[in-house]
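Remarks on the structure that follows.
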Amino acid sequence: MSPGDAEPAELALSPTRGSPTRSFALRASGLPQAARLLGCAVAIGAREIALRPFDAFAGGSARRARRRAASARRLARVLGELKGPFAKAGQFAALRLDVLGPEVRAAFATLQDRVPPRPFREIAATVEAELGAPLDALFAEFETAPLGAASIAQVHRARLMSGEPVAVKVQYPWLARSLPADLAIARRLLRMVTPRRDGVDREQLFAEFASGLAEELDFEREARVAAEIAANLAHDAQVVVPTVHRALSTRRVLVMSWTPAIPIGDHAALAARGVPIADVVATLARAYAKQIFADGLFHADPHPGNLFVIDEPDAGFRPRVLFIDFGLAKRLDPTLRRELRTGIHALLRRDVEGFLDGMERMEMIAPGARDGVRAAVAGMFERIAAEGQVLGLGGGQVLALKDHAKRLLEETPGLQLPNDLLLYAKTLSYLFAVGAALDPSVDLMKVTVPFLLRFLADRS
């Protein structure tokens, strides 16, 4: 709800409880979602039919590219409005450098995981149903206006009976009922938007998407992951992970400690508090390098809305970085970790064939595509060699190489990478991008290399 739709009292502890609404049942049927997507497809098709004859004139390829981009933006808007699995499907598609063209991914990348919030009565009813007690028996206070609303849940501030401030993440009540229909439609949609390319396994793509979505919808898993990551990072006093109140958390409700904090992207507020940005960047680098290279379990959704600096007097000389939202966290399969290690060793030795052998063991190369992939990998190795020693590269060089690798993935047929590997690469890429944006003087490779060397030395 918008501020104008908020209930008059700031704290409403006795909401109306009732059975699922008719709109929930309609959503569960899948009919409204299918109708919206069909309407979108018809509009895109009609525009294509009307404009295609003009492609015979000069500049036809550029016109086709602009139409693809416009169609992707139209579809992205619909996916965002449908929320839930559809918004998540768009975000998943934006990651697939190896499957979709840049203009399509760019459109899906604009799909923000922010939506208009649901009415408070629905949220309160969900909390009561999940925890088995009236809201006023569970919390001393519960704010009706949410801190934020995303595609699968929204978050409200509250206060426990002990007086402790908490954040309560509540999954939308219609999601569980509509999920089977939503996934069936998303499966068909994936087949429609995925181009027919050699080596693209659409069923594998859908399985990876559905598996990742199931993990995000399980708040009990998120609680376990947050606790494990907190334990892994407990040695670093400048890293904070919220404490989960397990007794008040279920698969659809998550109650976490709440601390006043400043978004990491709010440069003005950080400057006003005198926060040393270089220290923040170094802390981020340490935390992610530890998760990625040492622990194999990492927070894989590192956008600015999930990273904060604790707002406290000590922030001016020893800032603490707060990580939130562990729904998208990944534990790398041991086999993938071993192959990653082997691949980095091959890169350091400039062993193209050894690198390709590892890719084939992980089924990343389609049958018959090795020669084409070899040419792409050899070109990448040459580009890296021209930059100097791999472990001595600067942040700007790493980002430039990342862009080069993206182009190779886009242009090389016969490649399909595991989604966990793409999330791994995306997280590392974000680490260097945020460092460059916040304080380019910080040498992120200097912070990261010790963790990387220990990873390469591990023979387990």
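Laboratory data are not the source of any read-out in this text; all were calculated from the coordinates shown. This is a predicted model, so every value here is computed, not measured. Reconstructed Cβ throughout: ideal geometry from the backbone, glycine too, with neighbour counts over all protein chains shown.
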Normalised by the empirical 2.2 N^0.38 Å for globular proteins, what value does the Cα Rg of segment 261-460 take? 1.10
Which lysines, on any chain, are close to Lys290 with Cα under 29 Å apart, when same-chain ones fewer than 8 places away are left out? Lys88, Lys169, Lys330, Lys402, Lys406, Lys426, Lys446
Expressed as a rounded percentage, what relative contact order does segment 261-460 have, with Cα pairs under 8 Å and six or more residues apart? 28 percent
Restricting to DSSP H runs of at least four residues, report the calculated mean residue ellipticity at 222 nm for the chain, -39500 (n - 2.57) per run over all residues, nearest 500 deg cm²/dmol. -17500 deg cm²/dmol
Residue order, fewest to most beta carbons within 10 Å, for Asp295, Asp458: Asp458, Asp295
So what are the three principal axis dimensions of the chain from its Cα atoms, in whole Å, longest to shortest? 66, 59, 41
I need two numbers for segment 29-129: Rg to one decimal and Dmax as a whole number, Cα atoms only, in Å. 17.2, 63
For Met380, Met192, which order do you get if you count the other beta carbons within 10 Å of each Cβ and list the fewest first? Met192, Met380
Please list, by residue number, every one of the trypsin sites (Lys or Arg not before Pro) in segment 186-269 that is coil in DSSP and has at most 14 other beta-carbon atoms within 10 Å. Arg196, Arg197
May I ask for the longest run of the chain untouched by chymotrypsin sites (Phe, Trp or Tyr not before Pro) that are loop-located per DSSP and have at most 12 neighbouring C-beta atoms (other than their own) within 10 Å? 58-316
Treat the count of other C-beta atoms within 10 Å as a stand-in for reagent exposure and order Val280, Val255 from fewest to most. Val280, Val255
Per-residue HN-Hα couplings for segment 132-138, Karplus 6.51 cos²θ - 1.76 cosθ + 1.60 at θ = phi - 60°, whole Hz, x for Gly and Pro? x, 7, x, 4, 6, 8, 9
Checking understanding here: applying a Kyte-Doolittle mean of at least 0.5 and a length along the axis of at least 15 Å (C-alpha), which whole DSSP H helices in the chain pass? 31-51, 84-95, 175-193, 277-289, 419-438, 444-457
Gyration tensor (alpha-carbon) shape descriptor, segment 233-364, a/c threshold 1.5: oblate
Once both labels are modelled 7 Å past Cα along the beta-carbon direction, what's the Ala145-Leu453 spacing in nm? 5.2 nm
